[in-house]
Each structure stands twice: as C-alpha cells, then as structure tokens.
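Trainee: Dropping the structure in here first, questions after.
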Amino acid sequence: MSAIQTQTQNESLSTPLVFTLAAGAGLSVASIYYSQPMLDIISKEFNAGIGAVGMVPMLTQAGYALGILLLAPLGDRHDRRTIIFIKGLLLVAALLLCGFSGGLSALLVASFITGLTATVAQDIVPASAALAPEHRRGKIVGTVMTGLLVGILLSRVVSGVVAEYFGWRTLYMIAALAVLLITLTLWRVLPRFAPGTSVSYPRLLLSLVHLWRHHQTLRRAALAQGLLSVAFSAFWSTLALMLSDRFHLDSAVAGAFGLAGAAGAMAAPLAGSFADRIGPARVTQAGAALVTISFALMFLLPLLPMPAQLALIVVCTIGFDLGVQATLVAHQTLVYGLAPEARSRLNALLFTVVFIGMATGAALGSLALAHWGWNGVVALATLAGAAALAVRLASRHLKN
C-alpha cells in the first residue's frame, strides 16, 4: 500500500465509519450464536432428539474455525473490501438457507456454511487496523472488537425472544436482512485495500507456519488469549444450567446475563486507548489479572444470601468480560504491529487458537460442572485466568 493511499485511508476513518465496522463485525459473528437458545424449538419442529439438534451449533462453530484458518488469510492477497462484500452476500444466502430448511439435514449443512461465511467478521477487524493511524490503532480496534463481542453476547438474547414470539425461521430472515444491509453499507463506505502479498493461495497457507514460528509475540498472545477463552467459555456454557439448578431461573434470565457481559465489553475502547498510551503489554497483564480476580470472587457465593449471590455474579460477569475484551484488544494491537502486510494471516492464527480455547472451555466446563459442581467451573476459570496472567507476567521485561 502506498504512502499516499495509506494517508487517504487514515484521514477517511471517521467515527461513523468505525461504528459501521463495529456493527458489521457484531452482526456477522452473531450469526454463529443465534441457534443456541432455539434448539428446543427446532427439535420439536423436526421431531429430532436434542443430541441431533445439538449438531447445529457444533457445525456452525466448526465452520467458523475452518473459515478462520482457510479463508481469513485471503485478506492479505486480495482487496479486503471485495472479500467483505462477497463473504457478506454468501452469509446472507446461508442464513436464508437456514430459515428455509425443510429438515434437520438441510439445516445442518446451512449451519456449517453460515459458520464458514460468518468469518467475514475476521476480515473486518484487520481492515479497521489497516485503516487506523498507528497512534489510534488500539482505540479503533477496541471499538470494532466491542461490536464483535456485543454481537456474541446479545445474539442469544435476541434469538431467544424472536424465536419464542415469532418463530425460529423469522429470526434467520431478520438476521439475513441485517447482514445484507450492513454488507451493502460497508461496500459503499470502505476504500479499496492494496494486497499485502501476491503469493499463491497454497503458499499463503504455508506462510502461516512461518509466521507462527517466527513471531514469539504472536505465540505468546495466542496462548494467553486462548487460556482466557477457556475461562470465558467455561462460564457461559454452564451458566444456564447452574442458574436453573441453584436458583430455579429459566433460560431467559441466563440470556439476560449477556447484558451484563455487554456492559463490560462497552469499556473496551477505553482499554484500547490505554494500550495506545501505556503499551499493550501492560494492558494484557491488567486484563488477565481482572479476569482471574473476577472468577476467584465467585468462591464467596456460598457465604452470601441468594440476592447477594446473584448480584455478585453480575458484578463478576462485568469484570471478567471487560478483562477478556481488554486483553484481546491489546493482543491484537501487539500482533497487528508485527507484519502489516500479513495482518489477515496473523489474525487468523490468533483467532484459531482463541476458538480452540472456546471449544476446550465448553467441554471442560461441562465436565467440571458434572463432577464438582459450580465451584469446579469457578476453579477451572480461575486457574485458566491465572495461567494467562503468568504468560503475560513472564514477558513483563519485554515490550511484547
């Protein structure tokens, strides 16, 4: 990318454009979480067991992980504006396929394609980093990542309400319309991006191995963020079961906890600003510490009366979501500065490890809840947060 083109893009990065990018990231990534609160309704319509219907979110996540690894690197070889446009339209088609599915098999295929194409969110984030001037990159990436995390946290709330009152197919129609509108908007407002490399696609994928081996900062960031993802996913994948068993609260209340998480996520741009001022490495340490402390505080739940227990869970949810988001923004700031021409590939590697952590956390969280109860989940999340903090403190004398 030429200096003139970079300057033009930086000057065009207005506040409305930043929020448009954030909306695009949020609406795209929300597509992989819509199905989770609707599984019971879908199982009844298709007369399928919950185990079979449970393949819907699993295949969606699998498609997303595969898409990150295989499709996200294309942003370094082609114009990101074009990639965002094409993948956005494909996501619209996939969501419509979900909504018009005549049977469970068709829904499973459409769900996998939805996950694959929802990785457009991972094209939007590097685009925001490429457009941002260096002194504002942390704040801008933080704002866009806030949109992404809010999309994750609120998708369950929205889908549960819409499916309950208007049907699960209606939710997919609304989601498709929303993605179509934001895709067309991004096509209109984004500038063109000069490719960072011209190597062939096979060589592009092979270069992932080189990037992973060459950049210790990337490996450290991916490991720490992956551990925090274990804690994050262990909590959210078991919260509804715990609230039902301990407090006799329904899934709608569990979904409402996403609002508390979103409140923590909204502070992410502030974390980005701190990363710009004091350095992203320090923000990663503070964020990991906040996650660890927030989960550790939940060990106090048995000592409190029931209303106070719920209040503490809300406070801790805000705290650890803020910590996870702040650390992710700081890690992205570190990683994106390693090789500007390879931002899409660096992002793909980082988020591949993040989603491995997500899947691991969901599995270990369910196992911990089954064998050791909620304290087992809290212990798992606290240990994962502490391990991430240890990774970051090990590099406290370094800039990365």
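Trainee: Write out, first by first residue and then by second, each pair whose Cβ atoms fall under 6 Å of each other, whose residues are 6+ apart or on separate chains, and whose first residue, in the range 101-114, is within 22 Å of Ile86 (Cα to Cα) while the second is open to solvent by 40 Å² or more (accessible area, probe 1.4 Å) and at pLDDT 95 or above.
Mentor: What qualifies is Ala110/Leu97.
Trainee: Could I ask something else about it? Taking the residues in the range 23-54 that are assigned to a loop (DSSP other than H, G, I, E, B) and among the hydroxyl-bearing types (Ser, Thr, Tyr) as candidates, determine which candidate is surrounded by the fewest Cβ atoms within 10 Å (Cβ to Cβ). Don't jump to the end; show me each part of the working.
Mentor: Initial filter on the range 23-54 (assigned to a loop (DSSP other than H, G, I, E, B)): 31-35, 47-49, 54.
Among the residues that remain, those that are also among the hydroxyl-bearing types (Ser, Thr, Tyr) are: 31, 33-35.
Details: Ser31: 29, Tyr33: 23, Tyr34: 27, Ser35: 27.
The qualifying residue surrounded by the fewest Cβ atoms within 10 Å (Cβ to Cβ) is Tyr33.
Trainee: From Leu346, Leu383, Leu364, Leu369, grab the single residue that is under 25 Å from Val283 (Cα atoms), in contact (Cβ under 8 Å) with a residue 12 or more places away in the chain and either part of a helix (DSSP H, G or I) or open to solvent by 20 Å² or more (accessible area, probe 1.4 Å) (or both).
Mentor: Working: Leu383 fails: in contact (Cβ under 8 Å) with a residue 12 or more places away in the chain; Leu364 fails: under 25 Å from Val283 (Cα atoms); Leu369 fails: under 25 Å from Val283 (Cα atoms).
Residue meeting the stated conditions: Leu346.
Trainee: For a quick check of your reading: which helices (runs of 4 or more DSSP H) sit entirely within the range 69-178 and have at least 1 residues that are closer than 14 Å to Ser35 by Cβ?
Mentor: Working: elements: 80-99, 104-117, 121-131, 137-166.
Per the criteria, 80-99, 104-117, 137-166.
Trainee: When His214 is evaluated against the numbered criteria (1) within 19 Å of the chain's Cα centre (by Cα); (2) at pLDDT 90 or above, which criterion, by number, is the only one it fails?
Mentor: (1)
Trainee: Now, a different point. Looking at Ser105, Ser159, Ser155, Ser128, can you tell me which residue is open to solvent by 10 Å² or more (accessible area, probe 1.4 Å) and of a type in the set (S, T, N, Q)?
Mentor: From the options Ser105, Ser159, Ser155, Ser128, the qualifying one is Ser105.
Trainee: What residue, of Thr292, Thr327, is open to solvent by 10 Å² or more (accessible area, probe 1.4 Å), closer than 17 Å to Val230 by Cα, among the β-branched types (Val, Ile, Thr) and assigned to a helix (DSSP H, G or I)?
Mentor: Exactly one residue qualifies, and that residue is Thr292.
Trainee: Is it the case that Pro202 is surrounded by fewer than 16 Cβ atoms within 10 Å (Cβ to Cβ), at pLDDT 90 or above and either not in a helix (DSSP H, G or I) or not β-branched (Val, Ile, Thr) (or both)?
Mentor: On the way: surrounded by fewer than 16 Cβ atoms within 10 Å (Cβ to Cβ): yes; at pLDDT 90 or above: yes; either not in a helix (DSSP H, G or I) or not β-branched (Val, Ile, Thr) (or both): yes.
Judged against the criteria, Pro202 is a match.
Trainee: I would also like to ask the following. Just give me the residues in the range 32-44 being more than 15 Å from Ser111 (Cβ to Cβ) and either of a type in the set (Gly, Ala, Ser) or more than 27 Å from the chain's Cα centre (by Cα) (or both), in sequence order.
Mentor: Matches in the range 32-44: Lys44 only.
Trainee: Please go through (1) crowded, with 19+ Cβ neighbours inside 10 Å; (2) of a type in the set (A, V, I, L, M, F, W, C); (3) closer than 30 Å to Gly385 by Cα for Leu186 and return the number of the only condition it doesn't satisfy.
Mentor: Only one criterion in (1) crowded, with 19+ Cβ neighbours inside 10 Å; (2) of a type in the set (A, V, I, L, M, F, W, C); (3) closer than 30 Å to Gly385 by Cα is unmet by Leu186, namely (3).
The values are calculated or read from the model by the stated rules, or taken from the named source; none is laboratory data. Because the structure is a prediction, the values reported are computed rather than measured. Every residue, glycine among them, receives a Cβ derived from its backbone with ideal geometry; neighbour counts consider all protein chains shown. Surface areas here come from the heavy atoms of the whole protein model, side chains and all, with no ligands, DNA or RNA. Shrake-Rupley method; radii C 1.70, N 1.55, O 1.52, S 1.80 Å.
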